[in-house]
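Trainee: Attaching a single structure in structure tokens format; questions to follow.
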Amino acid sequence: MLGATVRHYRELILAGAFAGLAAWEVLEMLLLERRPDTSLPLALLVHSLQVLLILGATALALRAWREKTERERALRALVEQVIVAQDDERRRIAYDVHDGVAQLVVSAKQHVDTAGDLWHDAPSRAAAEAAVAADRLSLAIVETRRILAALRPLAVDTAGLAGAARRSLDDIARDTGWSVSLVEKLEGVRLPPTVEAVAYRILQEALSNARKHAGSARIEVELSCAGNQFHLDVRDHGVGLAEPREPRGLGLASMQERARLVGGTCIVAPATGGGTRVHAQLPLGHGFAATS
């Protein structure tokens with residue numbers, strides 16, 4: 001415990017030691033003034049230089065202490081943000097499972113129970129109930145796969161962001177009948193893994209929100225880079241946001257938090273001409289990865 005305390009405050013302890021040395025040198029200077037046999041100008045010069053050196057070392061030690069304290073504070077804040085983001089992600093998954101998979105499975109069970117009750121007296125109605133139950137289970141399988149893909153986006157690892165975005169759009173077009181378009185301006189270049197992962201998560205969330213709330217029949221996605229920034233644009237042509245300045249639900253807040261954790265931004269606002277536009281801007285950090 002004592003050792004950890006000393007390591008934590010070592011810069012401050014060092015600064016205190018330097019300050020004590022400086023005080024001692026000043027005391028020596030004052031005593032020299034009272035000694036008539038001492039060459040006062042030379043002694044004062046030597047001790048003055050010593051005091052300046054000690055004060056400079058003290059200032060450096062205090063500066064190192066402040067910088068370390070700021071780094072520790074920033075690290076604690078980042079850890080807190082990550083924990084909050086993880087909790088939000090867990091809640092989002094819980095909402096997806098409860099509102100999607102669980103509801104579909106419960107509905108399927110109810111139809112299976114009804115089919116069992118009707119099997120002997122009304123086999124045709126029982127068959128219809130069984131067909132509905134099978135349809136609900138098929139939808140539950142699709143929803144489960146969507147949640148699993150969101151938890152571990154293997155598509156990004158294998159096909160890159162552009163390929164994964166194309167696959168997500170194709171899936172949502174097949175499931176909903178929407179018209180989708182992808183404009184990709186990355187010129188065959190792979191982005192840093194962190195940027196690809198965050199951008200793909202934001203895209204998934206934007207598509208999920210459009211599917212749940214927009215009432216749209218068309219989705220447009222654009223991927224591009226400008227300077228040292230990556231840009232993701234997702235535009236739907238649905239009902240738009242009821243209150244542009246207030247994020248609607250946990251999903252929109254999670255998109256903004258994901259972007260913020262990597263030093264970027266994510267703006268959700270009404271689109272010109274109607275609908276909603278999600279624009280994420282993410283720094284590329286150390287630049288591009290190797291060309292694919």
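The values are calculated or read from the model by the stated rules, or taken from the named source; none is laboratory data. What you see is a predicted model, and the numbers here were worked out from it, not measured in a lab. Quick reminder, even Gly has a Cβ in these numbers, built from the backbone with ideal geometry, and neighbours come from all protein chains shown. Calculation scope for accessible area: heavy atoms of the full protein, side chains included, ligands and nucleic acids excluded. Shrake-Rupley method; radii C 1.70, N 1.55, O 1.52, S 1.80 Å.
Trainee: Evaluate the following for Asp113: is it open to solvent by less than 80 Å² (accessible area, probe 1.4 Å) and modelled with pLDDT under 85?
Mentor: Against the criterion (open to solvent by less than 80 Å² (accessible area, probe 1.4 Å) and modelled with pLDDT under 85), Asp113 does not qualify.
Trainee: Restricting attention to the stretch 245-278, and to residues there that are crowded, with 20+ Cβ neighbours inside 10 Å and in a strand (DSSP E or B), which single residue is modelled with the lowest pLDDT?
Mentor: Thr276
Trainee: Then there's this: Of everything in the stretch 103-152, what is charged (D, E, K, R), without any contact (Cβ under 8 Å) to a residue 24 or more places away in the chain and farther than 22 Å from Glu89 by Cβ? Give them in sequence order.
Mentor: Asp113, Asp117, Asp121, Arg125, Glu129, Asp135
Trainee: In addition: From Glu89, Glu143, which residue is in contact with a Gly (Cβ under 6 Å, 6 or more places away or on another chain) and under 24 Å from Leu252 (Cβ atoms)?
Mentor: Only one candidate passes the filter, namely Glu143.
Trainee: Scanning the stretch 211-244 for residues that are acidic (Asp, Glu) and either under 8 Å from Thr276 (Cβ atoms) or surrounded by 16 or more Cβ atoms within 10 Å (Cβ to Cβ) (or both), which turns out modelled with the lowest pLDDT?
Mentor: Checked the stretch 211-244; the qualifying residue modelled with the lowest pLDDT is Asp236.
Trainee: If you check Glu129 against the conditions, is it under 30 Å from Val221 (Cβ atoms), of a type in the set (Asp, Glu) and surrounded by 15 or more Cβ atoms within 10 Å (Cβ to Cβ)?
Mentor: For Glu129, the condition - under 30 Å from Val221 (Cβ atoms), of a type in the set (Asp, Glu) and surrounded by 15 or more Cβ atoms within 10 Å (Cβ to Cβ) - is not met.
This table checks each residue for (1) in a helix (DSSP H, G or I); (2) surrounded by 14 or more Cβ atoms within 10 Å (Cβ to Cβ); (3) in contact with a Ser or Thr (Cβ under 6 Å, 6 or more places away or on another chain); (4) at pLDDT 75 or above.
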residue	(1), (2), (3), (4)
Leu44	yes, yes, no, no
Leu75	yes, no, no, yes
Leu78	yes, no, no, yes
Val82	yes, no, no, no
Gln86	yes, no, no, no
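Residue by residue, here is whether (1) at pLDDT 85 or above; (2) open to solvent by 60 Å² or more (accessible area, probe 1.4 Å) holds:
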| residue | (1), (2) |
| --- | --- |
| Arg136 | yes, yes |
| Leu139 | yes, yes |
| Ala150 | no, no |
| Val156 | no, no |
| Thr176 | no, no |
| Glu187 | no, yes |
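Trainee: Right, next: Answer yes or no as to whether Ser208 is open to solvent by less than 40 Å² (accessible area, probe 1.4 Å), at pLDDT below 85 and either of a type outside the set (Phe, Trp, Tyr) or assigned to a loop (DSSP other than H, G, I, E, B) (or both).
Mentor: Against the criterion (open to solvent by less than 40 Å² (accessible area, probe 1.4 Å), at pLDDT below 85 and either of a type outside the set (Phe, Trp, Tyr) or assigned to a loop (DSSP other than H, G, I, E, B) (or both)), Ser208 qualifies.
Trainee: For Val156, which of the numbered conditions (1) closer than 28 Å to Pro192 by Cβ; (2) out of contact with any helix residue (DSSP H, G or I) (no Cβ under 7 Å at 6 or more places or on another chain) fails to hold?
Mentor: Against the list (1) closer than 28 Å to Pro192 by Cβ; (2) out of contact with any helix residue (DSSP H, G or I) (no Cβ under 7 Å at 6 or more places or on another chain), Val156 comes up short only on (2).
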